[in-house]
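Chemist: Right, I'll just put the structure down here and ask away after.
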Amino acid sequence: MEIIVSAVLGELTTRSINFFINKNSKPTLLDAEGCLRRVVLRATVIIDEAMGRQITNEALLLQLDMLRDAMHRGCYMLDIFRYQSHDKDDAEDQSMSHSSLFKLNYIKGFYSSSRNAQISKQLQKVHDDLISMILNVEELVMFLPRYPRLYRQPYSMHLLLDNCMFGRQMEAELAIKFLLHTQPLGSEELEVLPIVGPGRVGKSTLVAHICKDERVINHFSEILFLRYNDVKDDELAAGLREGCAMKHQSHVSNSEKVVRLLVVVELAGDLNEDAWNRMYSASKYFMPRDSKVIITSRSDRIVKFGTTRALTLKYLSHEAYWYFFKTLAFGSMDPEMHPKFTQLAMEVAGILNNSLLGANITAHLLRDNFDIHFWSKVLDFVKVLTHSLDLIIQGRPAQLERMDTSYKNLVVRHQYKCSSQEAVPKIGMVDVVYGRAKPRGKFEALVWRSRIPPFYSYIYSCEIREQNTKAAKRKRSLENRVTIC
């Protein structure tokens, strides 16, 4: 009897130990991943509903912005966890299902307890942060039905990102709140809103969306756009007086007695302070009461000219940029069904260095060519282009390689943008780089035509340089150990 009891107790002890080992090791990663996935889904539902409504409360907008950042971090962490263990050999086998790939790689890394513990800890931290944010936005969820809808939700998120401004809802509403603010009686101050940020961060896009908002259109009689590379002397004041570059006229009826003017000053270069002071002084005499000025620049020196807190635009966070890029690259396809494609897309997005223009160009190129070998080729190509793209952004000439014609040098002289009313080149830069078009000599190529306001077209001035034939022959002869004199 004692032998039987000892055996039973031994078996129970062994099973108990195995139970606790299994509970504290094997399910940990999967449980953490599953919990984070559910919380991300919950946050996404709240954000999608909020994005479709006209929220004007500044505190709620700030909460929404923080929740969106936390959701982006959650999505990014899920993708990192899901695809980091996929090596090339496993991903090349397209016959394997997503679940089989996941299980195989999960088992492969199972015995690295320290690594699993670290990943689990990261998943848990992102999960806890997102849960905390959701609990903090209870007021946002409660007040959402009180705000009117902006539009009907599209059936696919990539259509939304293709045709709407991404990640600037809070900044847009703050700017609109400034524009619609009515000055107290007796005030003669001209109110100025500075918007600052680095190049290609979306300043012009933000202003264009603001000026196309129905609330703004119906509030101002006229909206004037003034663009300068460098403001000198009295150019700014003269431009205001002449009302040059007028782009829009509101639908205010002729019987409306209130006349207001909105002036948008876009500075590509530096601002002459004396010219600004002269313009500001003169504007009080010829601009109607309650008129407003928005001034945009890369330099934060214009902040001191504002009568209200400046809006500072920054590049998207790495996690938000990945969310944006992935949505555009996969379109209506589910990234989870294509793990190798997602892995390549993550590498491409990391190299593009948060460039919105680069995201639009590359993501649409990948989506239109859904082939694993092409995506791998684009990744290798983007790695080579990184330095050249930095030079182009700085406004300096740069040499670009081409996929199938390496014997010719493609040089980009400079870049510029034009409005939607101006004619654009018929040659596409993507076609030139990837070998579908083979121009000669000097030419201009269309890089990207934006699908959202202000609908700019971005153009490169290029040149194809033929290699020296004599030098090429000499090189070939040296390779063959023969010297031609």
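Chemist: Mind scanning Lys212/Lys426; Lys212/Lys417; Lys340/Lys426; Lys292/Lys314; Lys121/Lys377; Lys340/Lys417 and naming the pairs with a C-alpha gap bigger than 32 Å?
Modeler: Lys340/Lys426; Lys121/Lys377; Lys340/Lys417
Chemist: How compact is segment 318-466 by the rule of thumb for globular proteins, expressed as Cα Rg over 2.2 N^0.38 Å?
Modeler: In units of the globular-protein estimate, segment 318-466 measures up at 1.04.
Chemist: How many nm is it between the label spots at Arg413 and Tyr147, if each spot is 7 Å from the Cα in line with the beta carbon?
Modeler: 4.8 nm
Chemist: Still on this structure: Taking 0.36 nm per residue of separation and subtracting the Cα-Cα distance, what length does fully extending Asp65 through Asp334 add?
Modeler: Roughly 94.3 nm would be gained on extension.
Chemist: Okay, moving on. In nm, to one decimal, how far is the Phe370 label point from the Lys125 one, both placed 7 Å along Cα→Cβ?
Modeler: 3.6 nm
Chemist: Any idea how far apart Ile217 and Ser317 come out in nm if each label point goes 7 Å out from Cα toward Cβ?
Modeler: Simple spin-label model gives 3.4 nm for this pair.
Chemist: Let me ask you something else. Quick one: net charge of Arg309's neighbours, Cβ under 15 Å, K/R +1, D/E -1?
Modeler: -2
Chemist: Between Arg42 and Thr308, 0.36 nm times their residue separation minus their Cα-Cα distance comes to what?
Modeler: Going from the current span to full extension adds 92.1 nm.
Chemist: By accessible area of protein heavy atoms, probe 1.4 Å, what ranking do Glu49, Glu191 get, highest first?
Modeler: The most accessible residue leads, giving Glu49, Glu191.
The values are calculated or read from the model by the stated rules, or taken from the named source; none is laboratory data. Since the model is a prediction, treat every value here as computed from it, not as a measurement. FYI the Cβ positions are ideal-geometry reconstructions off the backbone, even for glycines, and counts take in every protein chain you see. Protein only, heavy atoms only, side chains kept; ligands, DNA and RNA dropped before computing areas. Shrake-Rupley method; radii C 1.70, N 1.55, O 1.52, S 1.80 Å.
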